[in-house]
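One structure is given here, and the rest of the page talks about it.
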Amino acid sequence: MKKKNNALLTGPYLIWTVAFIVIPLILIVYYGFTDENHRFTLDNLSRITDPVTLKALLLSLLLSALATAVCLIMAYPLAMILSRMKSGASAIITTIFIIPMWMNSLLRIFAWQTLLERNGVINQLLAFLHLPPQHLINTPAAIALGMIYDYLPFMLLPIYNSLTKLDWNVVNAAYDLGANGRQTFFRVIVPLTMPGIVSGITMVFVPALTTFVISDFLGGSKVLLIGNIIDQQFTQVGNWNAGSGLSLVLMVFILVSMAVMQHFDTDEEAAGSIL
Amino acid sequence: MSNRLIDLQHITKSFDGQMVLDDLNLYIRENEFLTLLGPSGCGKTTTLRIIGGFEQPDSGKVIFDGKDITTLAPNKRQLNTVFQKYALFTHMNIADNIAFGLRIRKKSEDYIREKVKYALRLVNLEGFENRMPDSLSGGQQQRIAIARAIVNEPKVLLLDEPLGALDLKLRKDMQYELIRLKNELGITFVYVTHDQEEALTMSDTIVVMNQGYIQQIGTPEDIYNEPTNAFVADFIGDSNIVDATMVKDKLVEIFGTRFACVDTGFGSNKPVDVVIRPEDLELYALPDGVTADSPEYEKVADKARELNPGFLEGTVTDLIFKGVHYEMDVEANGYTWLVHSTKLFPVGSRVLMNLDPFNIQIMNKPESEDEQAVSSADL
């Protein structure tokens, strides 16, 4: 009786999963491997080798990797400081970092646009100081900046969580055994917070790789990321098959990168020696 | 007498305006097993952390082997710590945990392998090299923490309540293990605990602390038999602490009855505290219905007087069997005396109570709250 009830409870989730995850995924796979006449083809996948698309993919990989690295370098020390602070003070600072996330993501990126554009706030400030205007908007750098700004909290929070769970006596033990600050950090603190680092990297890298909003606002039509190309296939060209095919290729890249990260997570020893 | 290895001079430390250590002076000799004993918040762990370098004293000096190490970082000190909750590196296997300090000091892998093996043998965990810390029991993890510390051949091993998380049986076993280890290694142990039994079992020297002050320093026998104040007497084992008057040298009046004792120099007609250990009280059964003027009573009283001219009369009000002895409450002169005896006196039975003059421990009454926590400078 009880068992039956429990099985019933999973019903809504099962329906949700099938309706919104499994079926869409099957559809994408179906579109990705067929042409307009529903015949099997690999053409959609091989579109990735098209120079413009390939360039967009490489730029996406580069920018999201850069944004992830910068987020990691910025978030880790901050998380260290926060985790060592009194709980009241750290709660306030964490909240300050999270508040922007309560606003619409479009709005945040739009704010960067007004800051960076040719007659934007920054260039007006430069003009006021009689300095030459800078070409800021519609550059890969602007996109990377947007990614860093948008995704930093997603790097910060998991690392902060894993640091607060760290028993500080373990750090003291490392000092006690003769390790200096750097040795303690790389041999003890980093490996023990690897789960936080891995989820932080995943939560920044994956959305950054697939984004089209940030590149749309801050890259204009000048800088295309793979997300924009897929977006165009669906919304402008109307070629669902091509869009699905490219999505599948992108998915493979994400799966590979996640598998690599998972390897670091379970094999912390290896992670420790690489870092 | 061996030389002073660690010398703590006028150490003062406060946290958030709260005084934790007040002008603490203490030296630790080479090869000694010294225990800092006291209730939580007495400053014992802070003292240990100052020796280990994890806390800086507000004022005062830490001298190690003749050198001032007050501001030296923990990783530069020739001592190692065993932490309360083991603090093992959970991302490394046992061999790597133990090898951590040796790798930092760039020892050869051959040397490390030998040392790890030696340390594991020392803590009776041979063959555990490739296990992960999480797969070990609490007692085993604590042994690994000790092994990880001692492979570095420290001159001093600091132990912060290392047995606190273990169950009673394991704790007893580990106490003997620690004594054995200390003897085999021939190094100094500084041990922190709130468990008086643990302190009595293992230590060469016990430092009893309360509220940031050292109350008494001495051998376990000294501390137990000659507590310097009521706090020590109360903290170390069970005891009866009663108000009394020192009539003159070697004579004390307790609840109106005069007892011979061995203490001198307290003056005459001076109020004092008297500490009497429960096992030192002898009980003599009064047969039922015997009154104070009957010859039967005198017979028992004569026997009681053999020990000490004075004696008390009371009634057993509570009885618990404790294995080795019976623990009894004896109501006499309005005070409930705690008595340990191997003989059974049923609840309700009337008894005479007496004790050997040697077992009456006289202490000065504290004159104020402050004096209750005797500063080490006075000792």
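The values are calculated or read from the model by the stated rules, or taken from the named source; none is laboratory data. Everything quoted here is computed from the prediction, not taken from an experiment. Cβ: placed from backbone, ideal geometry, glycine included. Neighbour counts: every protein chain shown.
Criterion first (within 14 Å of chain A (Cβ to nearest Cβ), in a loop (DSSP other than H, G, I, E, B) and among the aliphatic types (A, V, I, L, M)) does B:LEU48 satisfy it? Let's see the steps before the verdict.
Details: within 14 Å of chain A (Cβ to nearest Cβ): yes; in a loop (DSSP other than H, G, I, E, B): no; among the aliphatic types (A, V, I, L, M): yes.
So B:LEU48 does not fit the description; no.
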task: Being of a type in the set (D, E, K, R) and within 27 Å of B:GLY17 (Cβ to Cβ) is the filter; apply it to region B:51-67 and report the residue that is nearest to the other protein chains (Cβ to nearest Cβ).
output: B:GLU55
message: Looking at B:GLY164 and the list (1) more than 15 Å from B:ALA99 (Cα to Cα); (2) assigned to a helix (DSSP H, G or I), which single condition is not satisfied?
response: (2)
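Scan region B:114-130 and give yes if some residue there is facing chain A (nearest Cβ under 9 Å), charged (D, E, K, R) and assigned to a helix (DSSP H, G or I), otherwise no.
Here is the first cut: in region B:114-130, the residues facing chain A (nearest Cβ under 9 Å) are none.
Within region B:114-130, not a single residue is facing chain A (nearest Cβ under 9 Å), charged (D, E, K, R) and assigned to a helix (DSSP H, G or I).
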field: Verdict on B:ASP288 being loosely packed, with under 12 Cβ neighbours inside 10 Å and not in a loop (DSSP other than H, G, I, E, B)
entry: no
task: Report whether or not B:GLU279 is of a type in the set (D, E, K, R), at pLDDT 90 or above and part of a helix (DSSP H, G or I).
output: yes
- line: Taking region A:183-215 and the residues there that are outside any helix (DSSP H, G or I) and among the hydroxyl-bearing types (Ser, Thr, Tyr), the one that is nearest to the other protein chains (Cβ to nearest Cβ) would be A:THR193
query: Of all residues in region B:240-258, which are small (Gly, Ala, Ser) and touching a strand residue (DSSP E or B) at 6+ places or on another chain (Cβ under 6 Å)?
result: B:ALA244
Residue check for B:SER40: assigned to a loop (DSSP other than H, G, I, E, B) and assigned by TED's automatic domain parsing to the domain that holds B:VAL156: yes
message: Take B:ARG180 and tell me if it is assigned by TED's automatic domain parsing to the domain that holds B:LEU21 and assigned to a helix (DSSP H, G or I).
response: yes
Qualifying positions in region B:100-110 - facing another protein chain (nearest Cβ under 10 Å) and in a helix (DSSP H, G or I): B:PHE100, B:GLY101, B:LEU102, B:ARG103, B:ILE104
query: Here are B:LEU5, B:LEU72: which of them is assigned to a loop (DSSP other than H, G, I, E, B), more than 21 Å from the chain's Cα centre (by Cα) and farther than 30 Å from A:SER162 by Cβ?
result: B:LEU72
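How many of the residues in region B:264-275 are touching a Lys or Arg at 6+ places or on another chain (Cβ under 7 Å) and surrounded by 15 or more Cβ atoms within 10 Å (Cβ to Cβ)?
So the first thing to find is which residues in region B:264-275 are touching a Lys or Arg at 6+ places or on another chain (Cβ under 7 Å), and the list is B:264, B:268, B:271-273.
Of the ones still in play, those that are also surrounded by 15 or more Cβ atoms within 10 Å (Cβ to Cβ) are B:272-273.
Summing the residues that are touching a Lys or Arg at 6+ places or on another chain (Cβ under 7 Å) and surrounded by 15 or more Cβ atoms within 10 Å (Cβ to Cβ) in region B:264-275 gives 2.
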field: Whichever residue in region B:68-89 is at the interface with chain A (Cβ under 7 Å from one of its Cβ atoms) and more than 12 Å from B:ARG49 (Cα to Cα) and, among such residues, is surrounded by the most Cβ atoms within 10 Å (Cβ to Cβ)
entry: B:ALA87
